[in-house]
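The values are calculated or read from the model by the stated rules, or taken from the named source; none is laboratory data. Computed from a prediction, not measured in an experiment: that's the story for all the values here. Cβ coordinates were reconstructed from backbone atoms using ideal geometry, including for glycine residues, and neighbour counts include every protein chain displayed. Side chains are part of the model used for accessible areas, which takes the heavy atoms of the whole protein and leaves out ligands, DNA and RNA. Shrake-Rupley method; radii C 1.70, N 1.55, O 1.52, S 1.80 Å.
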Amino acid sequence: MRSKPLFRLSSLKQETINDIQSSVMEDNSSHEFLLCKRSDKIQELFPLLKHNITLHYVSNGEWSTHELIMHLLTLIGPAELYFSTWSLKEYPVRLLLNAMESGQITKLYALLDGRVKVRNPEVFHLAKHSFTEVKQYDCHAKVSVLISESCTVTIVGSANMTNNPRVEACILSTVPAVGQFHKTWLLDLIKKGHPLD
């Protein structure tokens, strides 16, 4: 039996990356596709969250993962945050700390690549002494999991916890099992520090 494609490449406009068009394409599965242009605002792109969907999106550098996390918190309410990143900057850490102080983030666990401590020692120490728990590890994964009473949201993709003017491709999922999978391996490495073998 031949499988049906999710979408055809011919249905996408062929344009330069600086003029990515906003459009949502849906088929009869639980996948959605979103191409974000520079002028799009997070609130317009993600006005609400559907349950049990997987959204593949491409952003054009106008907003970053930590800003998306802050917006998602307004949609799902106070939540625990589990994340891993290869690079971390001060602004995202300050944003997350403000969310902790205001009660938007109730717990914050981070798995950071060991080079964060070398590249940005002040940022590393700020996170180490302020987050619920932080672990260094050889890590290139960029994963964020938000778990609230009403929803679980997982973001997996190319974006670090930095402001990046480049194109990023990510997947956002509201499938609870996806969030549980990523939370489990993240916590295993953060709390136990064992390798994935």
When residues of segment 69-92 are limited to those that are in a helix (DSSP H, G or I), in contact with a helix residue (DSSP H, G or I) (Cβ under 6 Å, 6 or more places away or on another chain) and open to solvent by less than 30 Å² (accessible area, probe 1.4 Å), the one nearest to I190 (Cα to Cα)
P92
Cβ-Cβ under 9 Å pairs, at least 6 apart or on other chains, segment 174-197 side more than 20 Å from L72 (Cα to Cα), far side open to solvent by 40 Å² or more (accessible area, probe 1.4 Å) and modelled with pLDDT of 95 or more
none
Does any residue of segment 109-125 turn out to be of a type outside the set (G, A, S) and at pLDDT 95 or above?
yes
Residues to consider are S144, S148, S87; find the one that is at pLDDT 95 or above, small (G, A, S) and closer than 19 Å to S59 by Cβ.
S144
Is it the case that E133 is among the acidic types (D, E) and touching a residue at least 40 places away in the same chain (Cβ under 8 Å)?
yes
Kindly indicate which of T184, T132 is of a type in the set (S, T, Y) and in contact with a Lys or Arg (Cβ under 8 Å, 6 or more places away or on another chain).
T132
Show the residue pairs that are 6+ apart or on different chains and have beta-carbon atoms under 7 Å apart, the first residue being within segment 93-108 and open to solvent by 50 Å² or more (accessible area, probe 1.4 Å), the second being assigned to a helix (DSSP H, G or I) and at pLDDT 95 or above.
Q104/L73
For segment 118-155, the count of residues that are more than 17 Å from L88 (Cβ to Cβ) and crowded, with 17+ Cβ neighbours inside 10 Å equals 7
Can you pull out the residues in segment 93-116 that are part of a helix (DSSP H, G or I) and either of a type in the set (D, E) or in contact with a Leu (Cβ under 7 Å, 6 or more places away or on another chain) (or both)?
V93, L96, A99, M100, E101, V116
Listed residues E62, E32; which is farther than 15 Å from C151 by Cα and open to solvent by less than 40 Å² (accessible area, probe 1.4 Å)?
E32
Return the residue satisfying two criteria in turn: it lies in segment 156-176 and is surrounded by fewer than 21 Cβ atoms within 10 Å (Cβ to Cβ) and among the small types (G, A, S), and of such residues it is farthest from L49 (Cα to Cα).
S158
Among residues of segment 35-57, those that are open to solvent by less than 40 Å² (accessible area, probe 1.4 Å) and assigned to a strand (DSSP E or B), counted
3
